[in-house]
Amino acid sequence: CSLVVGRWPRPHIVCAEPGSVNGAPGRWTGPWSIEFTDRMASGPPSIDRASLRPIGRLLIVLLAVDGVFLVVHALHVRYGVPGSGRWLISLDRGNPELFQYLKEGAVVALLLAAYRHVRSAVQLAWAAAFVYLLLDDSLEIHETIGDWLALGDAFGIEGRDLGQVAVSATVAVAILAAVAITTVRDRTPARWLTAGLAPVLLALGFFGVVADVIEPIDVLGLVEDGGEMVSISAAVAVAAWHYRSSVVTRPTILVTG
């Protein structure tokens, strides 16, 4: 008979004899619910060039928009053109930052959409992380709490900056703990999402905290905010690839025996 394994994450086996089954051509017996083995369930999603092309195009578009914002920002800082300060990448709720909000929201939406099909706690952990990043960018959470802590100056760094680093480090530890626990316990391909988003989180930590504290390396204000913009664009591409590989391209498996 033929065994047909249904789409992830609710696989089934159905059996159909060639010709007729129980006197009725083409009728199925079953289905019977099954579980994937650990090897099948936790392996990395398949990657092919055809599935990567739209993700690559998406990343190129996002980086191109980021590049335009960075060039316009540099022109405004150096030459005062254009005259409107809304194009500064460092301006709260300016045009570049609104684009950041859009990208962070897109990451959350893609992860939650994938969760509807795969039901992995890893997806929820990463979605929660990017919800925090969105709220932090829009409400300045770590800056506000860092100022409130009023730490003393140390190592040539202002107490305000040290407070911000302390808040960001505490949140980062909580996020990494949640991601690590869910990733280790997960037995679906969603666990490989961590391999894609963890470098993005580290990059955001560097550009958002280290570059902010060490001001001499932030040329024209491009390093901190520009690095964050590029990192979030990469996160959108990773989330889109995860959604596509987990939902759209998960194939039906046919086994004949």
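The values are calculated or read from the model by the stated rules, or taken from the named source; none is laboratory data. Just so we're clear, the structure is a prediction, and the values are computed from it rather than from any experiment. Cβ placement follows ideal geometry from the backbone for every residue including glycine, while neighbour counts extend to all protein chains displayed. These area figures cover heavy atoms from the full protein model, side chains too; ligands, DNA and RNA do not enter into them. Shrake-Rupley method; radii C 1.70, N 1.55, O 1.52, S 1.80 Å.
Projected area of the stretch 70-123, taken from the Cα convex hull and averaged over every viewing direction, in nm²?
4.5
With N denoting the number of residues in the stretch 60-212, provide Rg(C-alpha) divided by 2.2 N^0.38 Å, to two decimal places. Please list the in-between numbers first.
Working: Rg = 17.7 Å, N = 153, 2.2 N^0.38 = 14.9 Å.
This ratio for the stretch 60-212 stands at 1.19.
Each residue of the stretch 167-177 in turn: what ³J(HN,Hα) in whole Hz from Karplus with 6.51, -1.76, 1.60 and θ = phi - 60°, glycine and Pro shown as x?
Result, rounded to whole Hz: 5, 4, 5, 5, 5, 4, 4, 5, 5, 5, 5.
Keeping all protein chains in the complex and leaving out DNA, RNA and ligands, what accessible area do you get for His117 with a 1.4 Å probe, in Å² to the nearest 10?
70
Can you give the accessible area of Tyr243 in Å² (nearest 10), computed on protein heavy atoms with a 1.4 Å probe?
Accessible surface of Tyr243 is approximately 70 Å².
What trypsin sites (Lys or Arg not before Pro) in the stretch 106-189 are in a loop by DSSP, with at most 15 other Cβ atoms within 10 Å of the Cβ?
Taking the stretch 106-189 and a limit of 15 other Cβ atoms within 10 Å, the loop trypsin sites (Lys or Arg not before Pro) found are Arg119, Arg187.
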